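So the structure is just underneath, and the comments pick up after that.
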Amino acid sequence: MVVSTVLEAVRSTLDEALGADDSIFIIGEDVEAGGVFRATEGLNAKYPGRLIDSPLAESSIIGISIGAAHYGMRPVAEIQFADFIHSGFDQLCSEASRWCYRTSGSANLPMVVRTPWGGGVHGGQHHSQSIEAYYAHMPGLKVVAPAFPADYRSLLKAAIADPNPVLFLEHKRTYRLIRQEMDGAPAETRIGRARVTRQGTDLTIIAYGLMLHESLAAAEELAKEGIDCLVVDLLSLLPLDVGTILESARATGKVLVVHEDTLTGGFGGEIVAIIAEHAFEHLDAPIRRLAGPDIPSMPYHHAMESFFMPDRTKIAAAARELAAY
Amino acid sequence: MTVAKTRRVRSQQPIEDYLLSEQQLEEMYYAMLLARRLNERMLALNRQGRAPFLIAGAGQEAAQVGAAMALTRGTDFLAPYYRDLGMNLVLGMTAREAMLNLLAKRDDPNSHGRQMPSHWGNSERRIVTGSSVVTTQLLHAAGIGLAAKLRGDPIVVMACCGEGSTSKGDFHEALNFAAIHRLPVIFFVENNGYAISESNEKEMAVANVADRARGYGIQSAVVDGMDCIAVYQNVRPAVDQARRGGGPYLIEAKCYRLWAHSSDDDDSRYRPKAELEEWTKKDPLKLFRDRVEADGIFPRDDLDEIERRVEEEVRDAAQWALMQPDPNPEDALGFVYKEAE
């Protein structure tokens, strides 16, 4: 029996990729020493010259990766914290996501940008952000945010093999928190596929990352009360699995969308819009969103941080209200 | 570049003081002239309402052609900026392709009508696709240099920008990274005096962009960007050195933007007339022609013949391109992603 954490799944997948294809290299801050979360620990000794410590400059980590991918390498870049990726926003938005499009397919970028995101680790303003809404608004880029170790494995493998730029979001709170028995894990998935993680009949909860785990925990609580929740793990935000979202919404007629990013302009709005547009007749209640409050950033103090973060208790409360509608 | 069969064969032996052969000098003049005449015709098409926009390189032909001729075609990479028509012509772009690009025609090899004109890119010719966001391409060039170094390929990458771009953070990040890893990248700055309306004094507190190279630990040079031969003579050794593993090089070509920033700009609002007149006397085409004529490299008739050939080519290109098909509206939807093989 092999049990893996999220972090171990990421590390072992990078290890296998480096071993299988010598066009793959890793670039980022402190990656040679293993990285601040130890995602690349031991890899520099095993693959000399294949891990490249970058200067502390995010635009260059992404811009250099673009150039190397254009040349035919498969760079896997690491941005140390998602909060710092924005100085590379221009390189992702104006360049990487448009490379294939603006050349009508005569050039493409097989590159991955991995980055730890999300709150719940006492990271304050600049080590807790949810960045997905900005980047899922860039056709040409793919955005992936798994929840379980086995999906980290299969989606990171898929991201590295993908001929397009992929933003691979790793929820830092789950790195060591979430474990999974890998042998019995669901079959390998593909980028752009969501998964119904829990079947249910009363209402549908749609989430990703840490919030998927909190939603599953809430669903277990609610089951004891006789409320049967269907839980969807989105896995990929771009491209988005519209089919699974709509099927799951139609199946229960009630939908709760959960994310820890702030509410207004958050990615949940897109999911709600898709359901409202295409499954309106199947709804038995207004679609509900549970998200971080509209404040500029996650506060540092643990009480305020907990106040900010949706969790199983808040999810269960929102779901109860929805079930009773 | 096509060379008419009826014309006499040029010697390929380097001429003393030039480091260039007759054949190369002819190519040089031809490319500079073609760039200028194309830009002139493009401006006419814009004023006639047939082309919505033009951003040109008039005054920078010597810098562009001299630098690009130092590269090995098909081997070295070019990450150009939007004024670099002359560079593209040296690396194989035809007059017809340049016109397809201006008119955003379906068969424009650069972007098939998806980008504004002069946003170059041609994978076969190793010309890296660029954007309107200045300076981003310097990091792409460094990334190509890193990849080539990891693979052990003896290629050189030339990254071009105007001096306006050197104020941006990506300029710093690219030079720093290329210096740390001693990458084979030539940073070629075409200092044309202006970033739209802002003259050099508003852009930087040092006299030369090249002065900054010291801060990164890389070599640099300032060259007369109006003198094509001098540009080649300075860039070629830097390219050769980079290919041998000597690391990056920053070259600043002092040239001048003879025209407005773009077809939508009115430079009379900010540019002193006397300054423009002074620089017009140093027009790179005139400078080149005077020198090779005075040195007896080419008789006047030969230079006139090149002029006629270029004008014919430009006329043909414009007429032909105007008749080429436009993209279909729904072509807008394609190539968002590359399909997996």
Which ³J(HN,Hα) values in Hz, rounded to whole numbers, follow from the phi angles of region A:113-125 under the Karplus curve 6.51 cos²θ - 1.76 cosθ + 1.60, where θ = phi - 60° and Gly and Pro get x?
10, 8, 7, x, 10, x, x, x, 10, 6, x, x, 4
Under unit Cβ charges (Lys, Arg +1; Asp, Glu -1), what dipole magnitude, rounded to 20 debye, does region B:212-253 have relative to its Cα centre?
240 debye
State, as an integer percentage, the relative contact order of region B:14-323 based on alpha-carbon contacts under 8 Å between residues 6 or more apart.
23 percent
Sequence-distant or interchain residues sharing an amide H contact under 5 Å with A:GLU170, placed H: which?
A:THR115, A:TRP117
Once you've got the Cα coordinates, tell me which of A:LYS46/A:LYS157; A:LYS254/A:LYS314; A:LYS46/B:LYS338; B:LYS168/B:LYS286 are over 27 Å apart.
A:LYS46/B:LYS338; B:LYS168/B:LYS286
Please work out the Kirkwood hydrodynamic radius for region A:3-181, using every pair of different C-alpha atoms, and report it in angstroms with one decimal place.
16.0 Å
May I ask for the distance between the Cα centers of region B:95-118 and region A:121-182, given as a whole number of Å?
38 Å
If I fit a long axis through the Cα atoms of helix A:149-161 and take the longest principal axis of the Cα atoms of chain A, what angle between them do I get, 0 to 90°, rounded to 10?
50 degrees
Positive minus negative residues near A:ARG312 (Lys, Arg vs Asp, Glu; Cβ under 12 Å)
-3
Just tell me which lysines come within less than 27 Å, Cα to Cα, of B:LYS282; anything on the same chain fewer than 8 places away is out.
B:LYS202, B:LYS254, B:LYS273
For region B:14-323, what is the charge dipole size about the Cα centre, in debye to the nearest 20, if Lys and Arg each add +1 at the Cβ and Asp and Glu each add -1 at the Cβ?
1020 debye
Reduced to Cα centres, the span from region A:296-325 to region A:252-273 in Å works out to 14 Å
Given +1 on the Cβ of Lys and Arg, -1 on the Cβ of Asp and Glu, and no further charges, what dipole in debye does region A:195-324 carry about its Cα centre, rounded to the nearest 20?
120 debye
Residue farthest toward the positive end of the dipole of the protein assembly as shown, with Cβ of Lys/Arg at +1 and Asp/Glu at -1: which of A:TRP117, A:LEU240, B:GLY193?
B:GLY193
Counting other Cβ atoms within 10 Å, keep those with at most 11, restrict to DSSP loop, and tell me which trypsin sites (Lys or Arg not before Pro) in region A:123-170 are left.
none
Give me a comma-separated list of calculated 3J(HN,Hα) values for region A:88-99, in order, Karplus coefficients 6.51, -1.76, 1.60 applied at θ = phi - 60°, integers in Hz, x for any Gly or Pro.
x, 3, 4, 5, 6, 7, 7, 10, 4, 5, 9, 4
Could you sort B:25-34, B:50-59 so that the peptide with the highest average Cβ count within 10 Å comes first and the rest follow in order?
B:25-34, B:50-59
Students often check this: by mean Cβ neighbours within 10 Å, which of B:229-241, B:67-79, A:304-316 ranks highest, and how do the rest follow?
B:67-79, B:229-241, A:304-316
Given backbone amide H placed at 1.01 Å from N, residues whose amide H is under 5 Å from that of A:ASP30, ignoring those fewer than 5 places away on the same chain, are A:SER54
Largest first and to the nearest Å, give the Cα extent of chain A along each principal axis.
59, 42, 40
Leading residue at positive end of dipole, region B:26-122 (Cβ point charges), from B:TYR30, B:LEU102, B:GLY86:
B:LEU102
For B:ALA79, residues with placed amide H under 5 Å, excluding near neighbours:
B:VAL128, B:MET158, B:ALA159, B:CYS160
Considering every pair of different Cα atoms, what Kirkwood radius, in Å, is found for region A:195-324?
14.6 Å
For the protein assembly as shown, what are Rg and Dmax over the alpha carbons, in angstrom?
28.5, 99
Using Cβ contacts closer than 10 Å as the measure, can you line up A:THR197, A:THR103 from fewest to most?
A:THR197, A:THR103
Determine how many Å³ per residue the convex hull of the Cα atoms of region B:14-323 encloses.
125 Å³
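A short reminder: the numbers here are calculations on the coordinates, not readings from a lab. From a predicted model like this one, the values you see are computed outputs, not experimental measurements. No Cβ is skipped: glycine too gets one built from the backbone with ideal geometry, and neighbour counts run over all protein chains shown.
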